[in-house]
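Q: Okay, handing you the structure first.
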Amino acid sequence: MLRIAWNTCVSRRLPFSLVHFVTNRCNGRCPHCFVERRDSRSETDELTLEEVRELTRHLGGGLFNVNLTGGEPFLREDLWEIAEAYARNASVRSIYVTSHGGFPESVRRFIEEFLASPHCRRCLLTMSFSVDEIGEAHDRRRGIPGLFARALESYAMLRDRRHPRLRANLGITVTPWNHDQVLEVYEHLVCEHKVEAITATAMRRAGAMRAIPALERTRIQAAYQALTRRILADQDQGRLEGFGKSLQGRLMNAKNREMYAVLTRNLLEPRFESWCPAASTFGVIGPEGTVHPCEVLERPLGRLRDHGMDLCSLWAEAHVRRIRSEIARNRCHCTYECAWTVNLLSNPRRLARLLLNALAPHA
């Protein structure tokens, strides 16, 4: 942990957190998705399991968290084996899986394998399932009949275990299609389905979002602000648990509190507020092994297959160092949640404030 802390807050030479898009395949048709989706039956050039294992063997011990996402990550039958490779070979302490929740049996298998694995005994598993509308409206929007019920079933599998190394979450994305009902969706999830952890995301200003009129973006910002205020108020009052009462859970709740405030200020007119960790302590791996600084910058850093699956070797190359310097020099800024999470946790002054907030009564 001392090595991770030194890398994260001082040297900043290795990734502290990675987002790994294990696939672009998806059986959904979400209109707000920014991923170049492929049909769930499409042949792809995704990294093989052995290539992922080789990647994790080269990660150098600085990695704390990996986000496994897609597409729909559970379309990969070897998703658990990918996660275990990160735990076994890179000793990650946090695995975060984002999914539409439509494959509860695959979720069940993943949980059972995680809890049984000797390599995950010091690792926290968080799964976040997307629910943006209620019942059939959610199913129609995402193009998957029965998805709402299966997402709640997947969520309940983790919640009902009450295991200290498991965290379940539902994520609501505020979009042009649900901004006028997000509080209704939220209340339905909390009251009718006893959901204890909910996070909010605003539809990213990418792809379709760029074409949305300014008035609509203003409505999205207002709905996001109202939803995040409700989430935080309910956590303060004990109505929501969030990420729990452990120190790590309280720190994550405090991080979300700070991040919601930052993003609310920046959704309409993003501006520089703090150093960006992209290409420094944070990076993104695409399904075929192309590495990017983040999900916003389209400039690739390189292909893992061209570097023997050695991300640390790629990370140290001169052109990556130049991109890292350009990001700092240009004061790069955006509203990308994953990068902001690393920003808040790797900035010593911000981290100190988060720890104080985590110990406050509302945390």
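Q: Nearest 5 is fine: what % of DSSP beta bridges in the chain come out antiparallel, could you say?
A: Antiparallel bridges make up about 10 percent of those DSSP assigns within the chain.
Q: Please report Asp310, Asp132 as a ranked list, fewest other C-beta atoms within 10 angstrom at the top and most at the bottom.
A: If I rank by nearby Cβ atoms, fewest first, I get Asp310, Asp132.
Q: Based on Cα coordinates alone, diagonalise the gyration tensor for the chain, multiply each eigenvalue by 5, take square roots, and list the semi-axes in whole Å, largest first.
A: Equivalent-ellipsoid dimensions as semi-axes: 28, 24, 22 Å.
Q: Still on this structure, I have one more. So if R0 is 25 Å, what FRET efficiency would Arg121 and Ala233 give, r being the distance between their Cβ atoms, rounded to the nearest 0.05?
A: Once rounded, the FRET efficiency stands at 0.10.
Q: While we're on this one: Any chance you could run the full-extension gain for Glu184 through Ala149? It's 0.36 nm times the residue separation minus the Cα-Cα distance, nm to one decimal.
A: 10.9 nm
Q: Separate question: So how far, in whole Å, is the C-alpha centre of region 46-80 from the one of region 96-112?
A: What the calculation gives is 15 Å, centre to centre.
Q: Taking 0.36 nm per residue of separation and subtracting the Cα-Cα distance, what length does fully extending Glu216 through Asp45 add? Each step should come with its number before you reach the end.
A: Numbers: separation 171, 0.36 × 171 = 61.56 nm, distance 3.76 nm.
This chain segment gains 57.8 nm when fully extended.
Q: Using mean Cβ contacts within 10 Å as the protection proxy, how do 232-239, 185-192, 172-179 order, highest first?
A: Values: 232-239: 14.2, 185-192: 16.0, 172-179: 21.1.
Ranking the peptides 232-239, 185-192, 172-179 by packing returns 172-179, 185-192, 232-239.
Q: In addition: Calculate, for Arg331 and Asp306, the FRET efficiency according to 1/(1 + (r/R0)^6) with r their C-beta to C-beta distance and R0 22 Å; round to the nearest 0.05.
A: Given R0 = 22 Å and the Cβ-Cβ separation, E is 0.10.
Q: Given the -39500 (n - 2.57) contribution per DSSP H run of 4+ residues, what per-residue ellipticity at 222 nm results for the chain, rounded to the nearest 500 deg cm²/dmol?
A: -13000 deg cm²/dmol
Q: What is region 2-358's relative contact order, in percent, from Cα pairs under 8 angstrom and six or more apart in sequence?
A: That works out to 18 percent.
Q: What order, most packed first, do the peptides 114-120, 87-93, 15-21 have when packing is the mean number of other Cβ atoms within 10 Å of each residue?
A: So the order, starting with the most tightly packed, is 15-21, 87-93, 114-120.
No lab work stands behind these numbers, since they all come straight from the coordinates. Quantities reported herein were computed from a predicted structural model and do not represent experimental measurements. In this analysis, Cβ positions are derived from the backbone assuming ideal geometry, glycine residues included, and neighbour counts consider all displayed protein chains.
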